Amino acid sequence: MILWHLGLATLIVYVTLGRRRIDYRFILAGSIAPDVVDGILGLVLFEGPAARWAAHSIVAVVVVSVVIIVGLRGETRLAWFGLGVGWLLHLVGDGMWAAPETFFWPAFGNTFSEFPREPYSWDLFLHPWRHLATWAGEAVGFAILAWFWAAFELGKDGRARLFLRDGYLRP
């Protein structure tokens, strides 16, 4: 679920923190980072039915956030910290607390939970009625992102390009 994570993370950050000095590009990147990282790890390191491995653990979020805090300074640190925030919100959106072997990895050993499984497969398109919850989540994420697009007039006067350049939501 891509749009679900993008929309949910953006909404939660906006509702809690608003527009102040937040680079939403990093929130958006962080909100899909666990799936990207675990997708790559799945190609070379892990295998299994859940497709949720080390990047879906709380340890991964902490490591990424600590590296950002220790390794960067000033405005750069503030912008990049959004990556850790988005990453954590991805875990919230996936409900990873329901898979403690993965969420608290490696506290319970080196194995990962088999459930919940990532909903990504050709079956999503071949049998969409079997995946109504996934498609509903994507629709909700799309609606949230569409609201942001309209509310901040990103389709007018180069505002989308400006957003892509600095990540700020302007009234």
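The values are calculated or read from the model by the stated rules, or taken from the named source; none is laboratory data. In this text, all values refer to a predicted model and were calculated from it rather than measured experimentally. No Cβ is skipped: glycine too gets one built from the backbone with ideal geometry, and neighbour counts run over all protein chains shown.
For the residues 105, 149, the requirement of being surrounded by fewer than 16 Cβ atoms within 10 Å (Cβ to Cβ), among the hydrophobic types (A, V, I, L, M, F, W, C) and either in contact with an Asp or Glu (Cβ under 6 Å, 6 or more places away or on another chain) or at pLDDT 85 or above (or both) singles out 149.
Could you tell me whether the range 57-71 includes any residue that is crowded, with 19+ Cβ neighbours inside 10 Å, more than 15 Å from residue 102 (Cβ to Cβ) and touching a Gly at 6+ places or on another chain (Cβ under 7 Å)?
yes
I'd like the residue in the range 14-48 that is of a type in the set (Val, Ile, Thr) and assigned to a helix (DSSP H, G or I) and, out of all such residues, is nearest to the chain's Cα centre (by Cα). Across the range 14-48, the extreme among qualifying residues is 32. When residue 95 is tested against (1) surrounded by 11 or more Cβ atoms within 10 Å (Cβ to Cβ); (2) within 21 Å of the chain's Cα centre (by Cα), just one condition goes unmet, and that condition is (1).
Against the criterion of being of a type in the set (Gly, Ala, Ser), in a loop (DSSP other than H, G, I, E, B) and surrounded by 14 or more Cβ atoms within 10 Å (Cβ to Cβ), residue 51 qualifies. Picking from residues in the range 121-146 that are of a type in the set (Phe, Trp, Tyr) and exposed (fewer than 14 other Cβ atoms within 10 Å of the Cβ), the one that is farthest from residue 26 (Cα to Cα) is 129. Looking at residue 114, is it among the charged types (D, E, K, R), surrounded by 11 or more Cβ atoms within 10 Å (Cβ to Cβ), assigned to a loop (DSSP other than H, G, I, E, B) and on the phi < 0 side of the Ramachandran plot? The answer is yes for residue 114.
Every condition in (1) touching a Pro at 6+ places or on another chain (Cβ under 6 Å); (2) more than 24 Å from residue 141 (Cβ to Cβ) is met by residue 71 except one, and the failing one is (1).
Conditions tested, residue by residue: (1) in a helix (DSSP H, G or I); (2) aliphatic (A, V, I, L, M).
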{"position": "6", "(1), (2)": "yes, yes"}
{"position": "9", "(1), (2)": "yes, yes"}
{"position": "12", "(1), (2)": "yes, yes"}
{"position": "62", "(1), (2)": "yes, yes"}
{"position": "77", "(1), (2)": "yes, no"}
{"position": "82", "(1), (2)": "yes, no"}
{"position": "109", "(1), (2)": "no, no"}
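Could you check, for the range 131-142, whether at least one of its residues is of a type in the set (S, T, N, Q) and in contact with a Ser or Thr (Cβ under 7 Å, 6 or more places away or on another chain)?
no
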